[in-house]
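So the structure is just underneath, and the comments pick up after that.
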Amino acid sequence: MTRESAMRIAVVLPELLGTYGDGGNGIILERRLQWRGIPVERIECGDGAALPENADLYLLGGGEDRPQTLAARELRASGALNRAHAHGALVFAVCAGYQIIGESFPGAEGTEPGLELLDVVTTVGAGPRAVGELLIEPDPVLDLPLLSGFENHQGVTALGRDARPLGRVINGTGNGAEIPGQTPDHGEGARAERVVATYAHGPVLARNPALADWLLELIVGPLDPLEHEVVAATTALRRERLAATRPRSTKGR
């Protein structure tokens, strides 16, 4: 496909929301556009007050409690991300970023208001911290293959009526507390109008190229298949992680 102007990808506050390498999601999206000859500009913005409002896609990653609280306060004070979304931008958020864009989350000093881009509320789970491999069966309407990543969070996120889960947990915890001795059967992540969120790190878009292209297609339209040499290596990595995570009884693409 052709695009007259460069697609702009903004990596939001990477010094605060980049603990688990989620800044790599921006690199993955940039490369997948470049390999197709589509102009792209990736912007890393470390100042909430200076966050550009004219990007097409905003990426938020994971972070520890204090940096997460600082990031939320910067973004609330700026209002730039909310205004950009209101004007049509897409927001993709991981873990701490996921919690920030909801209604509220457990911050470093108690319950912290979020950006209210998603109808979700996060509280502190009473059970053990969710740490380990995460396997997700996406909502069938998305037509995506199984998604893999790793999670590391204490939060329990409840979806309101205006949010839908990204998918269903096959392995791991996801949005809710896992019940010992039972197979998880609950939601993971959330999505609404031009907002997508997940607890999966990896970076998740490196592990799941179909998800990366799905996000890009929401902005640029249908994409041609990639034939770049790195695709074979990515396919091998994906196969390895799925084999390590997927229960033997589970079937997936």
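The values are calculated or read from the model by the stated rules, or taken from the named source; none is laboratory data. The shown structure was predicted, so the numbers you read here are calculated from the model rather than taken from an experiment. Heads up, the Cβs are rebuilt from the backbone with ideal geometry, glycines too, and the neighbour counts pull from every protein chain shown.
Counting only helices (runs of 4 or more DSSP H) that fall entirely inside region 188-250 and contain at least 2 residues that are in contact with a Gly (Cβ under 9 Å, 6 or more places away or on another chain), the qualifying elements are 204-207, 230-245. Within region 62-83, the set of residues being in contact (Cβ under 8 Å) with a residue 60 or more places away in the chain and either in contact with a strand residue (DSSP E or B) (Cβ under 7 Å, 6 or more places away or on another chain) or of a type in the set (A, V, I, L, M, F, W, C) (or both) comprises Gly62, Leu75, Leu81. Can you tell me which residue among Ala93, Ala10, Ala84 is over 17 Å from the mean Cα position of the chain (by Cα), closer than 30 Å to Val156 by Cβ and of a type outside the set (D, E, K, R)? Every option except Ala84 fails the conditions. Of everything in region 90-107 that is surrounded by fewer than 24 Cβ atoms within 10 Å (Cβ to Cβ) and touching a helix residue (DSSP H, G or I) at 6+ places or on another chain (Cβ under 8 Å), the residue that is nearest to Ala163 (Cα to Cα) is Leu90. Pairing each residue of region 231-246 that is closer than 14 Å to Pro145 by Cβ with any residue that is outside any helix (DSSP H, G or I) and among the acidic types (Asp, Glu), provided the two are 6+ apart or on different chains, yields C-beta distances under 9 Å for Arg241/Glu133; Thr245/Glu133.
If you check Leu33, Leu13, Leu81, Leu51 for being in contact with an Asp or Glu (Cβ under 7 Å, 6 or more places away or on another chain), surrounded by 15 or more Cβ atoms within 10 Å (Cβ to Cβ) and either at pLDDT 95 or above or hydroxyl-bearing (Ser, Thr, Tyr) (or both), only one passes: Leu13.
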